[in-house]
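Data first, discussion second: the structure below is written as structure tokens.
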Amino acid sequence: MDQIIWRINHLAQVDSTNTWLAERARAGAPAGTVVYADFQTQGRGRLERSWTAPSGSSLLCSILLKPDDVADDPQLLVASVALAARGALVRLCGLRPDLKWPNDLMVGDAKIAGLLAELVGGDSPTVVVGIGVNLIAAGPAQARTTSVLQEVGVRVTSSALLDIMLEELDIRLVRMAGFGRDTVREEYVSALATIGQLVRVEHHHGVSRGRATGIDATGRLVVSVDGVDVAFASGDVVHLRLEESVIG
Ligand code: BT5
């Protein structure tokens, strides 16, 4: 695969970088179009939740990918972005967050980054992958969150993180398009703090509990529920170890 050409747009303010980029995608923007903003007035999380960050405190960006160009596997594609962000943080400041399935970046039980992937309609499959990384301020007080500054005392700028993250993403997209897909999957498994944990999975059909045992070939979380392996393509995961240790 040819290396993607990144076309980077910078905005002082936008409603949501994902919304902005989805509109550009519908108007024909090519794979590799990227937008990052200093502030979002309507930053979005998954399932209609919101993502909030003070102006200039975070990397708030979205990346346009066309899976036919790079892979036909959305979950591993999104994981590639999460792993790229993690790889960039390691390079820039030595911070190595764990991943929590599907794609949160965590330091211990505090969330430092979240990802939102959205399929955009059109002739060819098009995915907008958004990521918010807390750099100099943590998230809302009601959630357990942290920032790079809080963890390692380093002020990383959003443009520096974006540049290195795209370099790291290049490496993984090339792997995904060739024979390196297993390497990406292995990196995902080794970064996921979820594997081996007792978990509660909140999904479309209800709630399941069990031990997370791995990731299948397409990136779904495999959980042993009452002795039966169940694969989840989406959902919210709670790691129960911490809750249980509080309960006793
Ligand atoms: C996510 O959703 O974690 C996906 C977040 C994606 C944000 C990026 S920013 C650039 C791009 N443009 C967008 O509009 N969105 C993407 P979810 O797993 O649903 O988590 C949402 C929850 O995280 C909220 O309900 C809060 O509890 C918490 N939260 C909100 N802001 C946060 C922050 N800055 N840091 C940590 N947690 C936060």
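The values are calculated or read from the model by the stated rules, or taken from the named source; none is laboratory data. What you are looking at is a predicted structure, and each value in this text was computed from that prediction instead of being measured. For neighbour counting, all protein chains shown are included, and Cβ atoms are generated from backbone atoms with ideal geometry for every residue, glycine included. In case anyone asks, the SASA skips ligands and DNA or RNA and just uses the protein heavy atoms, side chains included. Shrake-Rupley method; radii C 1.70, N 1.55, O 1.52, S 1.80 Å.
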Checklist entry - What residue among GLN150, GLN13, GLN142 shows peak mean-square fluctuation when the chain is described by a Gaussian network model with Cα springs under 10 Å? => result GLN142
Checklist entry - Can you give the three extents of the C-alpha atoms in segment 129-248 along their principal axes, from longest to shortest, in whole Å? => result 46, 42, 23
Checklist entry - Looking only at segment 73-107, which residues have a backbone nitrogen under 19 Å from a spot 7 Å from the Cα of THR183 in the C-beta direction? => result 73, 76-91
Checklist entry - Taking segment 145-211 on its own, what percent of its Cα-Cα pair distances exceed 21 Å? => result 56 percent
Checklist entry - Once the convex hull of the C-alpha atoms of the chain is built, how many Å³ does it hold per residue, rounded to a whole number? => result 128 Å³
Next on the checklist: I'd like the carbon and sulfur percentage of the solvent accessible area for the chain, probe radius 1.4 Å, heavy atoms only, ligands and nucleic acids excluded.
Outcome noted: 50 percent
Item to check | Per residue value of the accessible surface for the chain (all protein chains in place, 1.4 Å probe), Å² | outcome: 46 Å²
Next on the checklist: Relative contact order for the chain: what percent, with Cα pairs under 8 Å and sequence separation of 6 or more?
Outcome noted: 17 percent
Next on the checklist: Averaged across orientations, what area in nm² does the convex hull of the alpha carbons in segment 67-167 project?
Outcome noted: 6.8 nm²
Next on the checklist: Past the 18 angstrom mark, what percentage of all C-alpha to C-alpha distances in segment 1-92 do you count?
Outcome noted: 52 percent
